[in-house]
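Novice: So that we are looking at the same thing, I have put the structure below in structure tokens.
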Amino acid sequence: MNTLPILENQQRRDFCKNALLTAGGVLCSGVILSALQGCETDVNKVSLTPTGDTFTINTETDEEIKNLIDGQGIKRLIMQNNKSLNNNIPVIIIKVSAMEYKVFTSLCTHESNPMEPPDPRKVGDPFEGKNIWCKFHDSFFDLNGQVVEGPAKVSLREFSTSFDSTTKILTING
Ligand code: FES
């Protein structure tokens, strides 16, 4: 997995934090807090621009995906035809039903830490809302990528997909 984006984001945050702490003697705490929030990573802003690339997965033959139960997902770095989905950052692919899959970036929008795919066999009802968990500060996202519980405030970037019910091919638009 490429960890460079995470390191860069952490360095940027540390720089902002140090600079603002130095200025702390002359600034009120409210101003510092507001500025620090501005330094927090917004993964959506980093990778929102569509590339126009498409990636396909045969859900009937893919060894991991064909065995998913509803509400369960996998994390995978997708590279096809010398192109990579999500700027070389793994995505989370969730099987919502036999005819519907969801694809999200796997980086938490709070501080860009990596998240694991949901597994209802371990966490219970897949549709209770807390589907994707970031263990670093306990943010939860639902199957639409919306924040259910913070500190994260920004929903996950979701990739548009289409599913061919005849061929069982999942197409992900980068
Ligand atoms: S990085 Fe995910 S909750 Fe903080």
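No value in this document is a laboratory result; all are computed from the given coordinates. Predicted model, so just to flag it, every value in this text is computed and none were measured. Reconstructed Cβ throughout: ideal geometry from the backbone, glycine too, with neighbour counts over all protein chains shown.
Novice: Taking only C-alpha pairs under 8 Å that are 6+ residues apart, what is the relative contact order of segment 63-137 in percent?
Specialist: Details: 125 pairs, mean separation 20.4, N = 75.
It comes to 27 percent, rounded to a whole number.
Novice: Assuming 0.36 nm per residue, please report the length gained on full extension of the stretch LEU77 to ALA98 beyond their Cα-Cα distance.
Specialist: 5.3 nm
Novice: LYS122 versus ASN173, label points 7 Å from Cα toward the beta carbon: distance in nm?
Specialist: 3.3
Novice: Report the calculated FRET efficiency for GLU63 and LYS135 (r = Cβ-Cβ distance, R0 = 30 Å), to the nearest 0.05.
Specialist: Plugging the Cβ-Cβ distance into 1/(1 + (r/R0)^6) gives 0.70.
Novice: Rounded if a/c is under 1.5, else prolate if a/b is larger than b/c, else oblate: which is segment 46-173, with a ≥ b ≥ c the root eigenvalues of its Cα gyration tensor?
Specialist: Here segment 46-173 falls in the oblate category.
Novice: I need the chymotrypsin sites (Phe, Trp or Tyr not before Pro) found in segment 92-153, filtered to DSSP loop residues with at most 16 other beta carbons within 10 Å of theirs.
Specialist: Hits after loop and neighbour filter: PHE127, PHE136.
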